[in-house]
Amino acid sequence: MTSDLIEVRDLGKSFPGAGGAVPVLRGISLSVRRGEVLAVVGPSGSGKSTLLYCLSGLEPATSGTVRVLGRGLEALGRGALAELRRDHLGFIFQDYNLIPSLTARENVALPARLAKRRVDAAEVDRALADVGLADRAGFRPSALSGGQRQRVAVARVLAVRPDVVFADEPTGALDTESGARVLALLRRAASDGRSVVMVTHDVEAAAGADRVLVLRDGLVHRELVRPDAATVSEAIAHAGVRG
Ligand SMILES: Nc1ncnc2c1ncn2[C@@H]1O[C@H](COP(=O)(O)OP(=O)(O)O)[C@@H](O)[C@H]1O
Ligand SMILES: [Mg+2]
């Protein structure tokens, strides 16, 4: 019995293409430990988003195993997988996935409502205040800027305190100050035995992680432990060089 929240062995993922299956992940092994922020970096198209989808059960692996909280995703039926995701995992989507007809507050309250849990209004408002949007709670996404929408998406996930938060470019639309605030919230979320797996292009954000995986062509090219920003930059640049 391991205490890792996620264990991945030889994960492969292919998508159907015109000329046959196109491999996107080509044998990735990793673990996500309790309490850590793990950053995933690499050139565009290297498989970062696909990796997050496979780890969080949004996409099935083509080969290999993904264990989340000790359970092999490949062996779970649809219902059990949905339940695991609902009760333990949170996903901050790169394009936010907010419901346009709902206000910011209603969007943040949605996961609890869907899980048929009591919605704690104070918790919802606190989550919005944490991302600096207390004064925008009654606004629909169409009345919010891109950065504000992204912060609603962050609040919606953090409000339910998942065991693992997956975040795909969670600061991509944010200015430096809002970005730093969100990163601090993610750091806080990776505590009490919980953890964060974050895809980012932001070298400074990656440098704030406990470990950084550098992907290249669907493989883990390098693993950096508490690297500084210059080391992350260099590793990304090197991963971008095709040879
Ligand atoms: N649903 C899909 N169907 C077909 N190809 C996909 C799909 N999702 C991603 N890909 C391909 O997989 C590769 C990696 O994509 P992605 O994981 O989004 O990379 P990254 O997030 O690192 O930019 C890209 O070549 C992309 O076109
Ligand atoms: Mg991506």
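Bear in mind these aren't lab numbers, they're just calculated from the coordinates by the rules spelled out. A quick note: this is a predicted structure, and the numbers were derived from the prediction, not measured. We place every Cβ from the backbone using ideal geometry, glycine too, and count neighbours over all the protein chains shown.
Can you spot a residue in the stretch 138-157 that is within 16 Å of ligand 2 (Cβ to nearest atom) and among the β-branched types (Val, Ile, Thr)?
Step one: list which residues in the stretch 138-157 are within 16 Å of ligand 2 (Cβ to nearest atom), which gives 150, 153.
Then keep just the ones that are among the β-branched types (Val, Ile, Thr); that gives none.
No, the stretch 138-157 has no match at all.
From the set of residues in the stretch 82-118 that are crowded, with 17+ Cβ neighbours inside 10 Å and farther than 21 Å from Ala190 by Cα, which is nearest to the chain's Cα centre (by Cα)?
The residue in question is Leu98.
Name the residues in the stretch 150-177 that are touching a residue at least 40 places away in the same chain (Cβ under 8 Å), more than 16 Å from ligand 1 (Cβ to nearest atom) and under 22 Å from Ser44 (Cβ atoms), would you?
Listed by number, the residues that qualify are Gln150, Ala153.
Provide a single number: the residues in the stretch 178-225 that are within 16 Å of ligand 1 (Cβ to nearest atom), surrounded by 18 or more Cβ atoms within 10 Å (Cβ to Cβ) and under 15 Å from the mean Cα position of the chain (by Cα).
Number of matching residues: 9.
So is Gly72 more than 16 Å from ligand 2 (Cβ to nearest atom), surrounded by fewer than 21 Cβ atoms within 10 Å (Cβ to Cβ) and over 21 Å from Pro16 (Cβ atoms) or not?
In short, yes.
Select from the stretch 14-29 the residues that are touching a Phe, Trp or Tyr at 6+ places or on another chain (Cβ under 9 Å) and among the β-branched types (Val, Ile, Thr) and write down the one among them that is surrounded by the fewest Cβ atoms within 10 Å (Cβ to Cβ). First the steps, then the outcome.
Restricting attention to the stretch 14-29, the residues satisfying the condition of being touching a Phe, Trp or Tyr at 6+ places or on another chain (Cβ under 9 Å) are 21-24.
Next, from what is left, pick out any that are among the β-branched types (Val, Ile, Thr): 22, 24.
Numbers: Val22: 12, Val24: 20.
Ranking the qualifying residues of the stretch 14-29, first place goes to Val22.
For the stretch 162-207, give me each residue that is in contact with an Asp or Glu (Cβ under 7 Å, 6 or more places away or on another chain) and within 16 Å of ligand 2 (Cβ to nearest atom).
Thr171, Val199, Thr200, His201
Has the stretch 121-139 got at least one residue that is of a type in the set (Asp, Glu) and closer than 29 Å to Gly12 by Cβ?
Going through the stretch 121-139, the residues of a type in the set (Asp, Glu) turn out to be 123, 125, 130, 135.
The next check asks that each one be closer than 29 Å to Gly12 by Cβ; those that pass are none.
The answer is no; no qualifying residue exists.
Quick one: in the stretch 30-56, which of the residues that are in a loop (DSSP other than H, G, I, E, B) and crowded, with 21+ Cβ neighbours inside 10 Å is farthest from ligand 2 (Cβ to nearest atom)?
Initially, the stretch 30-56 is screened for residues in a loop (DSSP other than H, G, I, E, B), giving 33-36, 42-47, 56.
So of that shortlist, the ones also crowded, with 21+ Cβ neighbours inside 10 Å come out as 42, 46-47, 56.
Values: Gly42: 9, Ser46: 9, Gly47: 8, Ser56: 14 Å.
Only one residue tops the list, namely Ser56.
Just give me the residues in the stretch 14-66 being of a type in the set (Asp, Glu) and more than 21 Å from Gly77 (Cα to Cα), in sequence order.
Going residue by residue through the stretch 14-66, those that are of a type in the set (Asp, Glu) are 36, 59.
Scanning the stretch 14-66 gives a single hit, Glu36.
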